There are 2 protein chains.
Amino acid sequence: MDPNHSDYIYHLAVDVGGSLTKLVCFTKNEDHPDDGSQQQRDGPGRQMTAVKATGGGAHKYADLFKERLGISLEKEDEMDCLVVGANFLLKVVRQEAFTYMDGQKKFVKIEHSDLYPYLLVNIGSGVGMYKVDGDGKFERVSGTSIGGGTFWGLGKLLTKCKSFDDLLELSYRGNNRVIDMLVGDIYGGMDYSKIGLSSTTIASSFGKVISDNKDLEDYKPEDIARSLLRMISNNIGQISYLNALRFGLKRIFFAGFFIRNHPSTMDTLSVAVNFWSKGEAKAMFLQHEGFLGAMGAFMSSDKHGVQELLVKQAEQPNPVSKTQVPLDGEFNADQSIECIFYEA
Amino acid sequence: MDPNHSDYIYHLAVDVGGSLTKLVCFTKNEDHPDDGSQQQRDGPGRQMTAVKATGGGAHKYADLFKERLGISLEKEDEMDCLVVGANFLLKVVRQEAFTYMDGQKKFVKIEHSDLYPYLLVNIGSGVGMYKVDGDGKFERVSGTSIGGGTFWGLGKLLTKCKSFDDLLELSYRGNNRVIDMLVGDIYGGMDYSKIGLSSTTIASSFGKVISDNKDLEDYKPEDIARSLLRMISNNIGQISYLNALRFGLKRIFFAGFFIRNHPSTMDTLSVAVNFWSKGEAKAMFLQHEGFLGAMGAFMSSDKHGVQELLVKQAEQPNPVSKTQVPLDGEFNADQSIECIFYEA
């Protein structure tokens with residue numbers, strides 16, 4: 001968040017996860033005349049004393065917040081917040097859900113009556129999978145420990161990359177065929193057509209390393225990053241599909257900070273869901289993918305009437321994306337919800 | 001196989017996989033009087049000209065075998081062989097299938113009438129999953145690229161271990177809590193009891209590495225190996241369970257050379273299946289886990305009457321296990337099927 005901005009923060013919620021803190025706040029621009037309302041003001045001139053908080057860190061750091069900042073964290077359940085956030089965004093934001101295939105992002109309008117049930121896959125450090133049947137009606141049905149933390153953790157050990165974003169950027173330039181054992185490597189360049197496995201299907205992630213007479217330094221970091229990304233995205237796509245199948249869910253929404261709108265992550269997830277479901281299930285993504293939990297915590301004490309708000313997205317320290325995503329309905333131009341994240 | 005042994009090899013089959021070659025042969029001991037039969041003899045005094053072969057390498061190396069050794073590989077389909085091998089072993093060998101929990105290996109007698117349907121999970125370099133409904137009746141229903149090749153490939157890059165077995169051995173002494181982000185790490189030592197996640201559940205494999213200010217050299221190789229093994233075994237267990245659930249299968253047989261009777265691999269697979277199925281499904285293992293394909297290829301031209309044979313297992317170069325596994329029925333003491341594997 002720009003520290004020099006002239007917005008008042010009226011209302012704030014945080015989602016303190018395993019590796020990132022996500023923040024959603026309601027701001028009102030100084031330059032606009034005050035509307036004279038009696039809303040509680042947490043901006044300059046008034047000390048903030050309580051903040052809605054979710055994620056594991058809301059428990060872990062509650063004492064620290066109180067002690068150091070004098071702020072009480074009002075804990076909201078992580079899963080409740082996630083689902084409330086997802087439902088809110090899917091219903092209220094006009095361009096929220098989209099498909100991604102072959103480099104094409106396509107927004108999808110989903111009728112409220114046709115939204116449920118769906119599978120929500122939240123990819124943070126780990127991965128949680130939720131079957132959502134309606135407002136407040138959901139169940140955690142599965143998950144996997146192979147998530148964003150695995151990508152970044154293994155990537156850090158293998159490539160010496162200094163940040164998650166560098167690693168993602170690196171993967172974009174890599175070639176996983178140097179690292180992975182493909183069906184064609186086992187079958188001498190041939191497909192195993194009997195079971196629909198083409199020669200380029202990955203038979204064994206990192207499997208080519210076995211027979212190479214090479215050390216870690218002999219591999220290009222970008223190839224390793226690419227292989228890691230393919231392995232993890234494909235696995236998440238597969239487990240998601242198997243859970244969607246189990247409950248007869250046609251739509252899978254992928255969210256969480258692992259994705260970061262990264263083209264090859266979204267492509268791999270989409271291809272995996274398409275491959276395993278033989279085209280029956282659809283991978284979808286959310287414009288505000290990382291902020292579901294924080295948004296849900298924010299909503300848990302909404303005093304502003306969300307239909308009137310504007311959602312915009314910003315990144316720290318220098319906001320790179322200020323695209324305003326219009327909500328269905330009316331809003332005041334001086335008011336907005338900002339979504340910001342901080343690294344641990 | 002001991003090159004100095006005095007057994008004649010009468011019949012041979014190979015399974016050439018992504019990283020290992022498995023061999024099954026029918027031998028007859030020299031010291032015993034010949035039974036005078038007119039069986040074709042591929043031992044000394046007779047040139048072997050054709051060998052039953054399966055696995056990707058049967059295609060990849062067919063020309064090489066012909067050119068260098070003058071041997072034609074008679075290719076048998078990999079999946080057919082796997083399933084024929086599994087069905088044969090499960091029906092004929094008295095102590096073949098066992099469960100493994102808390103360090104306890106328990107052989108299970110399965111009635112022929114109660115064998116089908118089952119899920120066969122073959123963990124080689126990659127992982128194949130097969131729904132088996134009877135003799136010759138099966139379907140490949142799933143698989144994952146995160147298999148033995150991933151364990152060994154990533155392990156080689158991360159630990160500088162020189163062999164798969166060294167890596168397994170190393171993992172036995174490691175502590176994955178140093179590497180993995182546990183639920184308790186996120187929740188400040190607390191469980192997330194609402195969804196049945198204890199504080200020791202792995203939330204993110206390799207996730208703790210994110211926030212550590214350490215390089216690869218600062219971690220103990222054994223801890224990394226342990227974390228890798230847990231990650232991969234747990235993932236295979238989970239995907240297997242989801243597929244068993246999908247088809248209503250109560251028994252999952254894990255086979256393939258990844259396992260190698262390794263206690264913590266079997267334990268993790270068992271715990272994963274038990275955890276995800278809430279005790280409904282059962283993980284089982286096979287005494288001749290690595291030889292299903294080779295055994296199936298061998299069976300495809302069996303001339304010896306399998307009920308009369310003895311199965312024993314040996315490893316190269318110095319056989320460590322000579323345990324004879326008695327078959328149901330009669331056999332001659334001088335005849336045996338040997339199971340041997342060679343590294344790529």
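Observations
- With θ taken as phi - 60° and the Karplus curve 6.51 cos²θ - 1.76 cosθ + 1.60 applied, the whole-hertz 3J(HN,Hα) list for the stretch A:261-275 is 6, 6, x, 6, 5, 5, 5, 5, 4, 5, 5, 4, 5, 5, 5 Hz, x standing for glycine and proline.
- FRET efficiency for B:Ser301 and A:Glu74, using Cβ-Cβ distance with R0 set to 60 Å, rounded to 0.05: 0.25
- Share of carbon and sulfur in the accessible heavy-atom surface of the stretch A:172-259 [1.4 Å probe, %]: 45 percent
- Residue-averaged beta-carbon neighbours from other chains (10 angstrom radius) around B:243-249: 1
- Interface A:B - total buried accessible surface [probe 1.4 Å, Å², rounded to 100]: 5100 Å²
- Residue-count net charge about B:Gly174 - beta-carbon cut-off 12 Å; Lys, Arg +1, Asp, Glu -1: +1
- Residues losing 20 Å² or more accessible surface upon assembly, the stretch B:150-181, compared with the chain by itself, 1.4 Å: B:Thr150, B:Trp152, B:Gly153, B:Leu154, B:Lys156, B:Leu157, B:Leu158, B:Lys160, B:Met181
- Estimated distance in nm for a label pair at A:Lys160 and A:Arg177, the labels positioned 7 Å out from Cα along Cα-to-Cβ: 2.8 nm
- Entries in A:Lys156/B:Lys162; A:Lys194/A:Lys282; A:Lys214/B:Lys220; A:Lys131/B:Lys160; A:Lys282/B:Lys75 that, when Cα-Cα distance is taken, lie over 31 Å: A:Lys131/B:Lys160; A:Lys282/B:Lys75
- Tensor-based shape of the stretch B:107-215 (alpha-carbon gyration tensor, a/c under 1.5 rounded, otherwise prolate or oblate): oblate
- Taking a ≥ b ≥ c as the square roots of the eigenvalues of the Cα gyration tensor, the stretch A:238-301 is classed as oblate, since a/c reaches at least 1.5 and a/b does not exceed b/c.
- Going from the isolated chain to the complete set of protein chains, the stretch A:202-220 loses at least 30 Å² of heavy-atom accessible area (1.4 Å probe) at A:Ala203, A:Ser204, A:Ser205, A:Phe206, A:Val209, A:Ile210, A:Leu216.
- The stretch B:60-156 - accessible surface per residue (Å², probe 1.4 Å): 43 Å²
- J(HN,Hα) series, the stretch A:295-300, from Karplus relation 6.51 cos²θ - 1.76 cosθ + 1.60, nearest Hz, glycine and proline x: 5, x, 5, 4, 5, 5
- The accessible area of A:Arg140, taken with all protein chains in place and a 1.4 Å probe, comes to roughly 70 Å².
- Burial of 10 Å² or greater, the stretch A:122-140 residues [accessible area, probe 1.4 Å, versus chain by itself]: A:Ser125, A:Gly126, A:Arg140
- Shielding by partners - mean other protein chain Cβ count within 10 Å, residues of B:79-91: 0
- Database remark: amide H of B:Lys52 closer than 5 angstrom to the amide H of B:Leu12, B:Val14, B:Glu74 (H placed geometrically; neighbours at sequence offset of 5 or more, or on other chains; Pro and chain starts carry no H).
- The 3J(HN,Hα) values that the Karplus relation (6.51, -1.76, 1.60; θ = phi - 60°) gives for the stretch B:106-112 are, in residue order, 10, 5, 10, 8, 10, 5, 4 Hz. Gly and Pro appear as x.
- For the stretch A:62-150, the gyration tensor built on C-alpha atoms gives a prolate shape. Its axis ratio a/c (a ≥ b ≥ c) is at least 1.5, and a/b is the larger of a/b and b/c.
- From most to least packed by mean Cβ count within 10 Å, the peptides B:240-251, B:92-103 give B:240-251, B:92-103.
The values are calculated or read from the model by the stated rules, or taken from the named source; none is laboratory data. Just so we're clear, the structure is a prediction, and the values are computed from it rather than from any experiment. Note that each Cβ is placed from the backbone with ideal geometry, even for glycine, and that neighbours are counted across all protein chains shown. Heavy atoms of the whole protein, side chains included, go into the accessibility calculation; ligands, DNA and RNA do not. Shrake-Rupley method; radii C 1.70, N 1.55, O 1.52, S 1.80 Å.
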